[in-house]
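Novice: Just passing along the structure, written as structure tokens.
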Amino acid sequence: ENLQAENPDICAWLLIEDSEVSYPILQSTEDDSFYINHDSTRQYSAAGALFTESSYNSANFSDPVTIIYGHRMNSGSFFGGLQKMYSDSDGFEKHRRITIYLPNKEQHYIVFAAIPYDNRHILYHYNFESKRMYNSFLDSVYSVRAIGANIAEDVDITTDDQLLILSTCLMGDRSMRYLVLARLDEVVET
């Protein structure tokens, strides 16, 4: 409530356990790209903020797939450390838990993949209400063979699962994306 009093576009909070990633998540209902270059106080900032797109995702994280976008900052802030953290197999194992704090609940996720990926707009190209298209996306994830790609063998994903994707620029190739994918594991009402 305090955060939303500061800025009603703050819809949630992201925490990656055992890391420095702990930030508000914003969603503008007027301009999906607003938080690319504005901070959580709505001030201009090249670093922007973590955000979801209202054209494709609800602010309550109830969609089959929700994508959070954030800049890969050289300082390590926002999603600056994701690739380094998850491309190492030990780092991947250490940071498998992600929590999204919403006004009335916590959503706990388990990371099952961290991969370089092309720059297509995933929510535009895949209709996750269609099991066929959902499977097609999962096939594209599991087919990635690249340095820095990690895929867990202990998490089964089906088209009935709800996913969270953290998306940022790939280090060394800004035309590509680096994705961290997690499955909703538990919802705790608060």
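Novice: Once you place label points 7 Å from the Cα toward the Cβ at Arg132 and Asp185, how far apart are they in nm?
Specialist: Taking the simple label geometry, Arg132 and Asp185 are separated by 3.4 nm.
Novice: Tell me the per residue accessible area of the range 91-162 using a 1.4 Å probe; a whole number in Å² is fine. Can you show the working numbers first?
Specialist: Numbers: 3800 Å² over 72 residues.
Per residue, the range 91-162 has 53 Å² of solvent-accessible surface.
Novice: Under the definition of Cα pairs under 8 Å and six or more residues apart, what whole-number percent is the relative contact order of the chain? Kindly include the intermediate steps, with their values, before the conclusion.
Specialist: On the way: 396 pairs, mean separation 41.5, N = 190.
Averaging sequence separation for qualifying contacts and normalising by length gives 22 percent for the chain.
Novice: Carbon-plus-sulfur fraction of the accessible area of the chain, 1.4 Å probe, in percent? Can you show the working numbers first?
Specialist: On the way: 4360 of 9500 Å².
The C+S portion of the solvent-accessible surface of the chain is 46 percent.
Novice: Right, here's the next one. Considering all alpha-carbon pairs of the range 1-114, what whole percent are spaced by more than 20 angstrom?
Specialist: Values: 2616 of 6441 pairs.
It works out to 41 percent of all Cα pairs.
Novice: Let me test this: with uniform point scatterers at the alpha carbons of the chain, what is the Debye-based log₁₀ I(q)/I(0) at q = 0.09, 0.16 1/Å?
Specialist: Log10 of I(q)/I(0), two decimals: -0.29, -1.01.
Novice: I need the trypsin sites (Lys or Arg not before Pro) found in the range 75-174, filtered to DSSP loop residues with at most 12 other beta carbons within 10 Å of theirs. Can you show the working numbers first?
Specialist: Details: sites: Lys84, Lys94, Arg96, Arg97, Lys105, Arg120, Lys131, Arg132, Arg145, Arg174; in loops: Arg96, Arg120, Arg145.
In loop regions of the range 75-174 (DSSP not H, G, I, E or B), the sparsely surrounded trypsin sites (Lys or Arg not before Pro) are Arg120, Arg145.
Novice: Mind checking which aspartates and glutamates have their C-alpha under 15 Å from Lys84, skipping anything on the same chain fewer than 8 residues away?
Specialist: In chain and number order, the partners are Asp18, Glu20, Glu93, Asp173.
Novice: Sticking with this one: Can you list the lysines whose alpha carbon sits under 25 Å from that of Lys105, skipping same-chain ones fewer than 8 residues off?
Specialist: The reachable lysines, counting only those whose Cα sits under 25 Å from Lys105, are Lys94.
The values are calculated or read from the model by the stated rules, or taken from the named source; none is laboratory data. In this text the structure is predicted, and so the values were computed from the model without any measurement. Backbone-built Cβ (ideal geometry, glycine too); neighbour counts: all protein chains shown. Areas reflect the complete protein model, heavy atoms only, side chains present, ligands, DNA and RNA absent. Shrake-Rupley method; radii C 1.70, N 1.55, O 1.52, S 1.80 Å.
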